[in-house]
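Presented below is the structure to which this report refers.
The values are calculated or read from the model by the stated rules, or taken from the named source; none is laboratory data. Just so it is clear, the model here is predicted, and its values are computed rather than measured. Every residue, glycine as well, gets a Cβ built from its backbone with ideal geometry; the counts of neighbours run over all protein chains shown.
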Amino acid sequence: MPDGLPRIGESIYSVHAVYNTPKLEFLNEAVLVRHTPDGVRSFNTPGWYSQISPQLKYVRPYFRYQYVNASVNEPVYSDVGLMHGPSVGLRFNMSEFAAFKIQYDRGMYRTQSPTNGLGAQMSFAF
């Protein structure tokens with residue numbers, strides 16, 4: 001730890017619920033991150049996401065909504081602030097061990113203009 005900075009206690013609480021059938025996937029997760037610097041009050045940062053996705057042969061389209069809300073005074077996540085927004089995407093299962101995903105994100109924030117993003121990801125399992 002750098003000299004002169006207070007120690008920060010951290011607790012992370014999370015819960016998730018999954019409903020998964022061969023035709024439908026419904027994922028949900030919520031988290032609460034609690035930071036407590038020595039001699040200072042605690043800061044709680046909540047976050048969650050929900051995602052729903054039907055299976056269509058080798059393609060799995062999905063819709064997700066995510067939310068994170070960190071205080072501007074939070075000692076670790078002060079640059080995060082309020083972030084929330086939807087994501088939509090397609091996951092292509094090329095085999096049992098490989099997949100390709102493309103995703104569009106819309107981010108909305110407390111202190112800046114909304115953003116748009118497009119990403120792609122390739123994954124392999126061994």
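Looking only at segment 58-100, which residues are hydrophobic (A, V, I, L, M, F, W, C) and in a strand (DSSP E or B)? Even if it seems obvious, please write down each step before you answer.
Here is the first cut: in segment 58-100, the ones hydrophobic (A, V, I, L, M, F, W, C) are 59, 63, 68, 70, 72, 76, 80, 82-83, 88, 90, 92, 94, 97-100.
Result: 59, 63, 68, 82, 83, 88, 90, 92, 98, 99, 100.
So, residue 12, is that one under 24 Å from the mean Cα position of the chain (by Cα) and surrounded by 11 or more Cβ atoms within 10 Å (Cβ to Cβ) or not? Please lay out each step first, then the result.
Numbers: under 24 Å from the mean Cα position of the chain (by Cα): yes; surrounded by 11 or more Cβ atoms within 10 Å (Cβ to Cβ): no.
Judged against the criteria, residue 12 is not a match.
Being under 20 Å from residue 9 (Cβ atoms) and of a type in the set (A, V, I, L, M) is the filter; apply it to segment 73-90 and report the residue that is surrounded by the fewest Cβ atoms within 10 Å (Cβ to Cβ).
Applying the filter and picking the extreme gives 76.
When the residues of segment 35-57 are filtered to those that are among the small types (Gly, Ala, Ser) and surrounded by fewer than 15 Cβ atoms within 10 Å (Cβ to Cβ), which remaining residue is modelled with the lowest pLDDT?
39
Is it the case, given these coordinates, that residue 121 is surrounded by fewer than 13 Cβ atoms within 10 Å (Cβ to Cβ), in contact with a strand residue (DSSP E or B) (Cβ under 6 Å, 6 or more places away or on another chain) and either more than 21 Å from residue 21 (Cβ to Cβ) or hydrophobic (A, V, I, L, M, F, W, C) (or both)?
Details: surrounded by fewer than 13 Cβ atoms within 10 Å (Cβ to Cβ): yes; in contact with a strand residue (DSSP E or B) (Cβ under 6 Å, 6 or more places away or on another chain): yes; either more than 21 Å from residue 21 (Cβ to Cβ) or hydrophobic (A, V, I, L, M, F, W, C) (or both): yes.
Yes; evaluated as a whole, the condition is true for this residue.
Answer with yes or no whether residue 26 is surrounded by fewer than 12 Cβ atoms within 10 Å (Cβ to Cβ) and under 24 Å from residue 125 (Cα atoms). Spell out how you get there, then give the answer.
Values: surrounded by fewer than 12 Cβ atoms within 10 Å (Cβ to Cβ): no; under 24 Å from residue 125 (Cα atoms): yes.
No: the conditions fail for residue 26.
Of the residues 121, 112, 103, which is of a type outside the set (Phe, Trp, Tyr) and not in a strand (DSSP E or B)?
Answer to the check: 112.
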